[in-house]
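The values are calculated or read from the model by the stated rules, or taken from the named source; none is laboratory data. Predicted, not measured: the structure shown is a model, and the values here were computed from it. Because the Cβ atoms are built from the backbone with ideal geometry, glycine has one as well, and the counts that use them run over all protein chains shown.
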Amino acid sequence: MLSRTADHLFWYSRYTERAENTARLLDVNHQGALLPQSEDQVTKGWHSLLSISELSRAYAARHGEIDAARVQAFIVADEHNPSSIYNCLRAARENARAVRGTLTTETWETTNQTWLEFNRQLKGGALARDPGGLFEWVKLRAHLSRGVLAGTMLHDEAMDFLRLGSFLERADNTARLLDVKFHALEGDPNETHAEQDVEREAAREAQRDPARDFYHWSAVLRSVSGFEIYRKVYSNVIQPDKVAELLIVNNQLPRSLAYCMGRMVRSLEQVANAESAETLRQAGRLAAELRYARVDEIIAGGLHSFLNQFLERVAKIGDGISRSFLLPA
């Protein structure tokens with residue numbers, strides 16, 4: 001396969017997945033903001049979302065103080081934010097158009113229709129009127145795109161590059177989603193020890209309210225379509241460490257880190273070439289570590305630190321894929 005074609009396929013799936021996962025991040029924060037809490041706690045939640053998404057500086061430069069409506073508009077519809085859902089769907093459409101000869105007609109029509117309908121919804125005020133409904137619509141369109149791909153495409157090299165992009169992006173975003181919730185428990189590495197102590201105490205206070213804690217973790221699980229799965233696997237009340245275990249080391253949940261890395265390794269093995277040995281080794285090592293990891297050891301060593309290291313390693317694997325198969329940056 002030509003590297004140009006592989007590049008468009010890889011980024012088409014990445015941008016589609018990124019749009020969905022950005023909607024999931026926004027949805028969990030939106031649901032959390034609806035719970036009874038102080039204004040400072042709500043603001044802190046949106047600040048954490050911007051920080052984990054690496055958008056704090058860009059948002060501050062354009063909007064200054066954090067406001068829920070402005071944060072949502074910035075992440076959903078801002079044409080000047082490269083990571084906005086608007087730009088992700090536009091980039092997915094442009095990459096799909098570049099390889100229309102490789103994609104099926106159904107795949108192209110689904111992608112194009114998603115872009116056109118999203119614009120109509122934005123112009124109709126859907127974000128201000130019902131943000132949760134818009135986030136759900138983005139997720140459903142991403143599901144439809146994947147279903148059309150799986151049901152109409154040849155499962156050949158093209159599909160392997162589509163899967164590589166999808167699972168790489170999903171692993172990255174699942175880690176970020178977890179970090180949004182656990183951020184307060186671990187503290188910000190850039191803060192002083194005194195500030196971290198205050199944050200940990202605040203987190204402990206929050207945990208003393210079982211009802212509030214239940215609804216927060218329920219929102220996290222629902223945002224990854226894992227609420228019913230959690231009940232099936234654990235059959236007990238929602239506990240933070242069990243949520244972390246499900247989303248990190250369970251290799252049967254489609255959005256867990258272990259599952260995503262396992263599928264990435266399988267696709268990398270299918271398209272391996274002489275230049276990709278090191279990338280495959282790094283991906284295989286990370287997949288093996290997750291497969292045999294224990295969540296209590298991860299939490300004991302610092303979940304925030306673990307997730308940061310995971311994100312760095314995934315970024316290196318992405319760079320390796322680009323060097324081995326795709327167009328030079």
Fill in: Positions within segment 222-239 being crowded, with 20+ Cβ neighbours inside 10 Å and in a helix (DSSP H, G or I), in sequence order
223, 230
Practice prompt. Considering only segment 52-73, state which residues are farther than 22 Å from residue 90 by Cβ and not in a helix (DSSP H, G or I).
Written response: 64, 65, 66, 67
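So that you can scan it fast, the table gives a plain yes or no per residue for (1) modelled with pLDDT of 95 or more; (2) polar (S, T, N, Q); (3) touching a Lys or Arg at 6+ places or on another chain (Cβ under 8 Å):
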{"position": "215", "(1), (2), (3)": "no, no, no"}
{"position": "221", "(1), (2), (3)": "no, no, no"}
{"position": "226", "(1), (2), (3)": "no, no, yes"}
{"position": "248", "(1), (2), (3)": "yes, no, no"}
{"position": "262", "(1), (2), (3)": "yes, no, yes"}
{"position": "298", "(1), (2), (3)": "no, no, no"}
{"position": "305", "(1), (2), (3)": "no, yes, no"}
{"position": "327", "(1), (2), (3)": "no, no, yes"}
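Look through 76, 42 and report the one residue that is crowded, with 23+ Cβ neighbours inside 10 Å and assigned to a helix (DSSP H, G or I). Show your work before the answer.
Values: 42 fails: crowded, with 23+ Cβ neighbours inside 10 Å.
That would be 76, the only listed residue that is crowded, with 23+ Cβ neighbours inside 10 Å and assigned to a helix (DSSP H, G or I).
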Fill in: segment 14-39 - residue that is charged (D, E, K, R) and in contact (Cβ under 8 Å) with a residue 24 or more places away in the chain and, of those, surrounded by the fewest Cβ atoms within 10 Å (Cβ to Cβ)
27
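Can you name the residue in segment 285-307 that is over 17 Å from residue 252 (Cα atoms) and without any contact (Cβ under 8 Å) to a residue 60 or more places away in the chain and is also surrounded by the most Cβ atoms within 10 Å (Cβ to Cβ) among such residues?
The extreme case among them is 306.
Just to check your reading of the model, which residue among 96, 92, 128 is out of contact with any strand residue (DSSP E or B) (no Cβ under 9 Å at 6 or more places or on another chain), in contact (Cβ under 8 Å) with a residue 12 or more places away in the chain, under 24 Å from residue 222 (Cβ atoms) and not hydroxyl-bearing (Ser, Thr, Tyr)?
On the way: 96 fails: under 24 Å from residue 222 (Cβ atoms); 92 fails: under 24 Å from residue 222 (Cβ atoms).
Testing whether each residue is out of contact with any strand residue (DSSP E or B) (no Cβ under 9 Å at 6 or more places or on another chain), in contact (Cβ under 8 Å) with a residue 12 or more places away in the chain, under 24 Å from residue 222 (Cβ atoms) and not hydroxyl-bearing (Ser, Thr, Tyr) leaves just 128.
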Discussion item. Any residue that is in contact with a helix residue (DSSP H, G or I) (Cβ under 7 Å, 6 or more places away or on another chain) and within 16 Å of residue 24 (Cα to Cα) - is there at least one of those in segment 93-109?
Written reply: no
